[in-house]
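The values are calculated or read from the model by the stated rules, or taken from the named source; none is laboratory data. Being a predicted model, the structure only gives us computed values, none of them experimental. Heads up, the Cβs are rebuilt from the backbone with ideal geometry, glycines too, and the neighbour counts pull from every protein chain shown.
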Amino acid sequence: MDEINSLMHGFSVALTLPNVGFMLVGLLLGVLIGVLPGLGGANGVAILLPLTFSMNPTSAIIMLSCIYWGALFGGAITSILFNIPGEPWSVATTFDGFPLAQQGRAAEALTAAFTSSFVGALFAVLAITFLAPLLAKFALEFGPPEFFAVQMLTFCSFIGMSKEPPMKTLAAMMFGFALAAVGMDTVTGQLRMTFGFTEMLKGFDFLIAVIGLFGIGEILTTMEEGLAFKGKSAKINFRVVLNTWKELLQYWRTFIRSVLIGCWMGITPGGATPASFMSYGMARRAAKDKESFGRGNIEGVVAPETAAHAAGTSALLPMLTLGIPGSPTAAVLLGGLLIWGLQPGPLLFVEQKDFVWGLIASMYLGNIVGLIVVLTTVPWWAAILRIPFPVIAPVIIFICAIGAYTVHSSIFDVVMMLVFGVFGYLFKKLRYPLAPLVLALVLGDMAESSFRQSMLLSQGGLGIFVSNWLVGSLMALSIFLLLLPMWGALKAMFRRREARAYLS
Amino acid sequence: MKLTKIAVAIGAAAALFAAPAAQAWEPTKPVEFVVPAGTGGGADQMARFLQGVIAKHKLMAQPLVVVNKSGGAGAEGFLEVKGSANNPHKIIITLSNLYTTPLATGVPFNWRDLTPVSMLALDEFVLWVNADSPYKTAKDYLAAIKAAPDNKFKMAGTGSKQEDHIITVMLQKAAGKKITYIPFKGGGDVAVQLVGKHVDSTVNNPIEAEAHWRGGKLRPLCVMDPKPLPYTAKVTDKLSWADIPTCKSAGIDAEYVMLRGIFMPPGAAPDQVAYYVDLFKKVRELPEWKEFMAKGAFNQSFMTGKEYTDWVAKNEALHVGLMKDAGFIAK
């Protein structure tokens, strides 16, 4: 009951008029930041952080965390409307969100995305409120082998995802790994595959690749196919929201699964991006009509969005209790805590009650207010698709270019974005899947370091991956997921052979 | 019309106000503050803190904008500043990668390419173990490493062939045994790996591990500064930063501090350098700065001009020696 009392106290802190004002400002800014690809929650918070030094820490963190919620909400908008993921964790949302928009169901997809985000966040905040001390300890169990096991699990849950031939999937994934390997190798401190070009030092940033591959690639394809958005007949009507809600109720299983994956990945801290991919993969595996995934299945929007938001929210828990950020944005907020004179760590909950519970209360309020704000804007966002393509396309390209530039303030990145755009177009024409490439680019780097750190720890012994119950069960689960589709294929093969034998 | 008149009036007033320093150079557009490291790390925190207090106390007429250029262990940031000759609207904050990155990777860059402005502070390094471990003093720990076979003890640190790795090599020398070094991306991750007992020790900066020390999870064994730290305010119930003995006194010949200094692009004029020196002198007088220094238990040395250049040259020579011994220099 202690938590309830503290939470009520928190609400009294968060519900003061200036704090509600900061909340609204933060949310609106956040949605805008989320919509602009490349700017991203981390950059947005970093830019605004110095402005908050003269504010009191509670108001400051309320505003900044609301920017974070807003960006989480906003990231879905461009993914669904234009196939441009504004944030890494909205990549999985494009898989089904964009086909839905093309079918004229953009408003439904947006409503599903926002609602899922809200549900994910709400359950994550509940977890933070009541299980904080317990969950914080769990995060400490994670060393390099455990991290590698989690990344392995993400890859394995994605196996068999693509409808394209396995060799094409493999080729795309290897290309992603190769791109991820460019730049500094953190384990040896050496530069790799830069071929003496100083521009290559920083490697290929995920966001630039994604903006190019998805955004520019999509525009090139649309230009070829006749300068029109397919989704322009979108229904623009507020009743869509209510109808979609009704439809969403039947996906309660997906919601629960995604919330669990999300909370777990946020706390460990695996992060929102692997959470969204893993959740999408799991949803597809669990679904009866696997074929409809990737062609506009609402469930394919629900799963990644719920998990991403649950992970993004619970990522704040290890930051507050241990001082390890679960996401880049949390890392910037962490810097903020130090500057406001608050030391994150096990004592924050004891020493700064007002601050911590004010923040937690603002998570509840921020998400409720955020949901209302974004839902009311659904018809407007959907209406963008009615603007003629020749008008909106240059605007999108312009926004993409700004986005690519913002990541490192470098013109070279804008050129890279265009190159990736051509790649995206070629991939589409040659029917190579983009998702494995992107997954490898995001997780390749992390998986590689965790694996090599584990190898250093064990002096080269693979036994470290079964050395305790946690890593052992994670590895067992990933191998099970890896073999599952093969088992299915094997069974189908035998059945066919039997049938053939029977026929002859 | 009215607006222009007001603007002219304000301009005139400003000119009058600035009259005593009429000759002095001042930024005429926003100043870019390059951080050759990722968001959230020690250098980034300091840069954003400076940006915040400078804005709060209106110490600059133009905004100071922090830009992270962390690619290639900071080479991206240093090369950018090197390539911006004669641009006085760009400054960079350093960490030890000022020397270690070019030495380890062969990236064509040396601090002599830049214009030194001033030292802000020196960051300290402390040898930490988990509070549940049996090692109460640095001597105990060293003896345990000596008694065990090679690679038995594991040290987590930030980056590879950078400051934490160099210190690990110093410890190895002192113990005469190999220590397994495991690189992580940031100091916060490193501290948590030690709290979770995945490694045996770290050499975190004070600010990275302070919360865990206060929370009773970590134990400091010794500090790499030749002198004990000056901060006597209690951090835990019994101990303050000043109570941590030096590593030297425990028989570990490891001394290391990290430069947090400011540089400008090549070809900066003396009055431009003087402007920034003056700016950071003003910052040092602020109570917020003093509080920040105490929190991170920084060594508050401040140097400019020739003194600073000489210090950097000596520090570079030290790194060349250390890295040569460790076999970290790129061939």
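Numbers at a glance
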| item | result |
| --- | --- |
| Listing of helices (runs of 4 or more DSSP H) fully contained in the range B:253-331 that carry 3 or more residues being under 30 Å from B:Leu171 (Cβ atoms) | B:287-295, B:305-326 |
| Residues being small (Gly, Ala, Ser) and within 7 Å of chain A (Cβ to nearest Cβ) - total across the range B:204-221 | 2 |
| Verdict on B:Gly176 being at positive phi, away from every other protein chain (no Cβ under 11 Å) and either touching a His at 6+ places or on another chain (Cβ under 8 Å) or touching a residue at least 12 places away in the same chain (Cβ under 8 Å) (or both) | yes |
| Residue selected from the range B:208-252 under the condition without any contact (Cβ under 8 Å) to a residue 24 or more places away in the chain and of a type in the set (Val, Ile, Thr), by the criterion farthest from B:Phe298 (Cα to Cα) | B:Thr236 |
| Filter result for B:Ile92 (more than 26 Å from A:Gly203 (Cβ to Cβ) and aliphatic (A, V, I, L, M)) | no |
| Matching residues, the range B:160-176, being surrounded by 20 or more Cβ atoms within 10 Å (Cβ to Cβ), in a helix (DSSP H, G or I) and not aliphatic (A, V, I, L, M) | B:Glu163, B:Asp164, B:His165, B:Thr168 |
| Any hit, the range B:226-240, residues being under 16 Å from B:Asn205 (Cβ atoms), part of a strand (DSSP E or B) and not assigned by TED's automatic domain parsing to the domain that holds B:Gly74 | no |
| Unmet criterion (only one of (1) under 19 Å from the mean Cα position of the chain (by Cα); (2) closer than 30 Å to A:Glu291 by Cα; (3) modelled with pLDDT of 85 or more) for A:Ser157 | (3) |
| Complete set of residues in the range A:178-199 that are more than 9 Å from chain B (Cβ to nearest Cβ) and crowded, with 20+ Cβ neighbours inside 10 Å | A:Leu179, A:Ala180 |
| Matching entry among A:Thr321, A:Thr329 (being assigned to a helix (DSSP H, G or I) and touching a Phe, Trp or Tyr at 6+ places or on another chain (Cβ under 6 Å)) | A:Thr329 |
| Which numbered condition B:Ile182 fails, given (1) in a strand (DSSP E or B); (2) within 11 Å of chain A (Cβ to nearest Cβ); (3) touching a residue at least 40 places away in the same chain (Cβ under 8 Å); (4) among the hydrophobic types (A, V, I, L, M, F, W, C) | (3) |
| The range A:361-386 residues that are farther than 15 Å from A:Val31 by Cβ, paired with ones that are surrounded by 19 or more Cβ atoms within 10 Å (Cβ to Cβ) and not hydrophobic (A, V, I, L, M, F, W, C) (beta carbon under 6 Å, 6 or more apart) | A:Ala361/A:Gly10; A:Leu385/A:Gly231 |
| Residues located in the range A:373-411, provided they are among the hydroxyl-bearing types (Ser, Thr, Tyr) and not in a helix (DSSP H, G or I) | A:Ser409, A:Ser410 |
| In the range A:131-141, residue farthest from A:Met446 (Cα to Cα) [restricted to those that are of a type in the set (A, V, I, L, M, F, W, C) and in contact with a Leu (Cβ under 8 Å, 6 or more places away or on another chain)] | A:Ala132 |
| Condition broken by B:Lys90, with the remaining ones in (1) within 12 Å of another protein chain (Cβ to nearest Cβ); (2) within 30 Å of B:Asp189 (Cα to Cα); (3) at pLDDT 85 or above satisfied | (2) |
| B:Ser133 being small (Gly, Ala, Ser) and in a loop (DSSP other than H, G, I, E, B) | yes |
| Qualifying positions in the range B:187-203 - under 22 Å from the mean Cα position of the chain (by Cα) and either within 8 Å of chain A (Cβ to nearest Cβ) or in a loop (DSSP other than H, G, I, E, B) (or both) | B:Gly188, B:Asp189, B:Ala191, B:Val192, B:Gln193, B:Val203 |
| Positions within the range B:296-318 being closer than 16 Å to B:Thr101 by Cα and within 15 Å of the chain's Cα centre (by Cα), in sequence order | B:Val312, B:Asn315, B:Glu316 |
| Subset of the range A:459-504 that is within 12 Å of another protein chain (Cβ to nearest Cβ) and in contact (Cβ under 8 Å) with a residue 40 or more places away in the chain - its residue that is nearest to A:Pro166 (Cα to Cα) | A:Val471 |
| Matching option when the condition is more than 14 Å from chain B (Cβ to nearest Cβ), out of contact with any Ser or Thr (no Cβ under 7 Å at 6 or more places or on another chain) and at pLDDT below 85, among A:Ile33, A:Ile84 | A:Ile33 |
| Output for the range B:42-80, where each listed residue is over 21 Å from A:Ala330 (Cβ atoms), among the small types (Gly, Ala, Ser) and more than 7 Å from every other protein chain (Cβ to nearest Cβ) | B:Ala61, B:Gly74, B:Gly77 |
| So B:Phe302, is it more than 14 Å from chain A (Cβ to nearest Cβ) and over 22 Å from B:Trp25 (Cα atoms) | yes |
| Total residues in the range B:185-201, condition in contact (Cβ under 8 Å) with a residue 60 or more places away in the chain and either closer than 26 Å to A:Leu191 by Cβ or of a type in the set (Gly, Ala, Ser) (or both) | 6 |
| Single condition A:Asp96 does not satisfy, out of (1) in a helix (DSSP H, G or I); (2) within 16 Å of A:Ile396 (Cα to Cα) | (2) |
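Matching residues to (1) away from every other protein chain (no Cβ under 14 Å); (2) of a type in the set (A, V, I, L, M, F, W, C); (3) buried (at least 18 other Cβ atoms within 10 Å of the Cβ):
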residue	(1), (2), (3)
A:Thr111	yes, no, yes
A:Ala121	yes, yes, yes
A:Leu126	yes, yes, no
A:Leu134	yes, yes, no
A:Ala139	no, yes, yes
A:Gly143	no, no, yes
A:Ala149	no, yes, yes
A:Met152	yes, yes, yes
A:Lys168	yes, no, no
